[in-house]
Structure formats: structure tokens, C-alpha cells
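The values are calculated or read from the model by the stated rules, or taken from the named source; none is laboratory data. None of the values given here were measured: they were computed from a predicted structure. Cβ coordinates were reconstructed from backbone atoms using ideal geometry, including for glycine residues, and neighbour counts include every protein chain displayed.
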Amino acid sequence: MFSKIRQSGLSQIKRSRVFPTFGSDAGLTLIEGLVAVAVIGISIAVMSPMVVLAVATRVQNQRAEQAFQIAQAEVDRIKLIVERGGNYDLNIALTPAAVKSTPDFNAAPGPVPAPTDIAADYSVTSASARGIDVDNNGDNDFAVQIFRTEGSTIGTRPIAFDLGVRVYRADVVRPGNALEVDQASLRMTSGQGQSNTNPIAVLYTSVIKSDTERSLCDYYNFINDANGTTVPTPSEC
């Protein structure tokens, strides 16, 4: 009997040596904890610039999309006014007399200069841009500059002209801040990119009233005047 108990005790001791047990409070050593912290820190340091770059680029692209929608809305608004006809006043700034077509908007004999201040409504001077509050928080988010060539008119109503729309960030349009007229390029950036100085969206197009019997003649006259050519007009003109 005593011999069996002794053998059982010895077998338990042997098993405890071969398969040691650990308490429930066992954990990482200090060295292992420091290594884990170091690995996490290095991972964050490597990933942070990429996250910042991705977020800034996403914000830039979202702002550019909003700016393009604003520019397109202004073009559509003006085209609709011209197409409807009647006794309308576009209330748009005229370009200098030497600027006759869209190629002149950004080059000699232009360019049409960038705006220097923000107005509450549309302005008849290209130096002012209309403020646009997208999120209705009381602060302007964008500044849209609209201008046109003299083009062709019936009486005082413009019926064919070249139209220019530029959309800037509102916070960069202020007196003394020299702005550019070429559209800002969209690229990976960690900041505001070229939108600090350049318009975010630019649309140049021709607006022509096309639903009257003289529309074709007006178009020929407009093309000849804008390009300084003498293309023969149809006999009906």
C-alpha cells in the first residue's frame, strides 16, 4: 500500500517536470512588451503620411467636383436665359475689347484677370466674383467669376458670345492676393495643392441663340468677328 502511494507521488512529480503548468496571471515579459510597442509605433509612423495624403487628395477631388458643378450650373443658367429670349439683361462682366474669343481668355491680348474681391451678387466687372455658400453655414465656400465677350447683339441683347466661368476657393479671393487664371491640376497632395492660387474649375464655351430665322446669319457674323475672318455668309443673310 505504501509502495503504491509512493509510486503515484513520484509519477506526478515526473509529469510536473515534463509538462509544467502556468498560473492564470502569466503574461508578456517587459522586453516583449517593449518590442510590441516599438512595432506598433513604427507601423503608425509609416502609415500616417499615406493616410494624410489620401484624405487630403479625397477632399481636393470632392471640392473640384463641387466647383465644376457650380461652373456648369452657371453656363446652363445663361444659356437658358438667351434661349428664352425676351428683353433680358445677363448682368455679366464684359471682357476688354481686344478679347474676342475663348483663346484670349488666358493669353494675349488677354488674359482676363483673376478676381480680387467677392460680391454678394453677379457683377458687371470681372474684378468681382460672386460668393457661393454650399453648406449654408453663412460663409462663402467658393467664388465664381463670370465674363463674356461682346459678341453679336440684337439691339442691346447679346445673342452670340463667348462665355468664361472660373471657380476659386472663396478664402483665396481677396485684395492683394495674386491669383492665376489657369485651372489647378488635380494630383496627389498633402495640402491644398494649386487651389491656393488657381481656379479649381474653368469652363469656356460659346453661347448662341439658335431658334430664330436669323440664327445662322448671326452665327456667321459672330465667327467672323471673333476670329477676324471674312467667311462668306449664306445668301439668305
Can you say whether Val35 is closer than 22 Å to Gln194 by Cα and at pLDDT below 85, as far as the supplied structure shows? no
For the stretch 87-103, indicate whether the set of residues that are exposed (fewer than 14 other Cβ atoms within 10 Å of the Cβ) and within 20 Å of the chain's Cα centre (by Cα) is non-empty. no
Of the residues in the stretch 122-145, those that are of a type in the set (A, V, I, L, M) and farther than 15 Å from Ile200 by Cβ number 2
Please enumerate the residues belonging to the stretch 67-90 that are in contact (Cβ under 8 Å) with a residue 40 or more places away in the chain, of a type in the set (S, T, N, Q) and assigned to a helix (DSSP H, G or I). Gln72
Applying the selection to the stretch 106-134, what residues are under 12 Å from Val181 (Cβ atoms) and in contact with a Lys or Arg (Cβ under 9 Å, 6 or more places away or on another chain)? Val112, Ala114, Pro115
For the stretch 134-190, please list each of the strands (runs of 3 or more DSSP E) lying entirely inside it that holds at least 2 residues being modelled with pLDDT under 90. 152-154, 157-169
Just for the stretch 104-127: of the residues that are part of a loop (DSSP other than H, G, I, E, B) and touching a residue at least 40 places away in the same chain (Cβ under 8 Å), which one is surrounded by the most Cβ atoms within 10 Å (Cβ to Cβ)? Pro115
Restricting to the stretch 121-136, name every residue that is within 16 Å of Leu90 (Cα to Cα) and among the hydrophobic types (A, V, I, L, M, F, W, C). Val124, Ala129
For a quick check of your reading of the model, give me the residue pairs whose first member lies in the stretch 44-61 and is closer than 20 Å to Arg169 by Cβ, whose second is surrounded by fewer than 10 Cβ atoms within 10 Å (Cβ to Cβ) and at pLDDT below 75, with beta-carbon atoms closer than 9 Å and at least 6 apart or on different chains. Thr57/Arg187; Gln60/Arg187
Given the conditions (1) over 19 Å from Val202 (Cβ atoms); (2) modelled with pLDDT under 90; (3) not hydroxyl-bearing (Ser, Thr, Tyr), every one holds for Ala119 apart from (2)
